[in-house]
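Presented below is the structure to which this report refers.
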Amino acid sequence: MDPSSLDRAHREVRLRLQSVSAPQWALPTPCEGWSVSELVQHLAVGATMASQILSGEPWTREAVVEEVSSVSDLRAEWEWRTAEERAGFATFGALERAVTHPVMGDIPCSQFLGMRVGDALLHAWDLARAIGAYDQLDPELVVEVWTGMSPIAGFIGKSGFFGLGPSGEVGEDAPLQSRLLDLSGRRP
């Protein structure tokens, strides 16, 4: 996986985000307890977390959450914060080093990139579902994210990040996107 995967994952979010109407910001998403607005805030906060981690700055979660939750134009906020994130991953040599993740500890930056691509891609689906938009994801990204997540299928449900994790009810013959969604705790 390389930084262009993050560009493509952000494109998936952007395709849905640009069509959110004023009343849709309050709609619930498949992410329990989150509205569309809260989902986009999460994406913007996550992008800044990545930028801070990549630059070696301390992660200032509370300050960033407060900043993001007070803005009036979430689309613009998400755009500039994700642009900063993409720039951080594209920095020469970034993927060859380790970073300190606030939950995972020291991990290869390439693994961190995979986590960020997966977060954006899966939340693009959540956003699409919430607003009734097209929910088929970039099939190449689905393969990339599946490749990164499937080896840790047994851990996913225990992590607390993906709901209950895989249901065990989606067969090997199901489309890969359906399998990925189920793996990540989503029940289409």
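The values are calculated or read from the model by the stated rules, or taken from the named source; none is laboratory data. All values reported here derive from a predicted model rather than from experimental measurement. Heads up, the Cβs are rebuilt from the backbone with ideal geometry, glycines too, and the neighbour counts pull from every protein chain shown.
The number of residues in segment 16-68 that are acidic (Asp, Glu) and more than 30 Å from GLY93 (Cβ to Cβ) comes to 4. Screening segment 82-103 for residues that are of a type in the set (D, E, K, R) and under 15 Å from GLY46 (Cβ atoms) and picking the one that is surrounded by the most Cβ atoms within 10 Å (Cβ to Cβ) gives GLU85. Provide a single number: the residues in segment 1-38 that are under 21 Å from SER70 (Cα atoms) and hydroxyl-bearing (Ser, Thr, Tyr). Adding up the residues that qualify gives 4.
Matching residues to (1) at pLDDT 95 or above; (2) crowded, with 21+ Cβ neighbours inside 10 Å:
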position	(1), (2)
VAL13	yes, yes
SER21	yes, no
ALA26	yes, no
CYS31	no, no
SER35	yes, no
SER55	no, no
TRP59	no, no
GLU67	no, no
TRP80	yes, no
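Being farther than 21 Å from ARG186 by Cβ, among the polar types (S, T, N, Q) and not assigned by TED's automatic domain parsing to the domain that holds GLU144 holds for only one residue in THR60, THR29, and it is THR60. Taking the numbered list (1) touching a residue at least 60 places away in the same chain (Cβ under 8 Å); (2) closer than 24 Å to PHE162 by Cβ; (3) part of a loop (DSSP other than H, G, I, E, B) in turn, GLY33 passes all entries but (1). Restricting attention to segment 79-107, the residues that are in a helix (DSSP H, G or I) and hydrophobic (A, V, I, L, M, F, W, C) add up to 7. Within segment 70-89, not a single residue is within 16 Å of the chain's Cα centre (by Cα) and within 20 Å of GLY160 (Cβ to Cβ). Scanning segment 68-124 for residues being closer than 27 Å to GLY185 by Cβ and either without any contact (Cβ under 8 Å) to a residue 60 or more places away in the chain or not basic (Lys, Arg) (or both) gives a total of 35.
If you scan segment 142-188, which residues turn out to be surrounded by fewer than 12 Cβ atoms within 10 Å (Cβ to Cβ) and not in a helix (DSSP H, G or I)? Answer for segment 142-188, where residues must be surrounded by fewer than 12 Cβ atoms within 10 Å (Cβ to Cβ) and not in a helix (DSSP H, G or I): GLY160, LEU164, GLY168, GLU169, GLY171, GLU172, ASP173, ARG187, PRO188.
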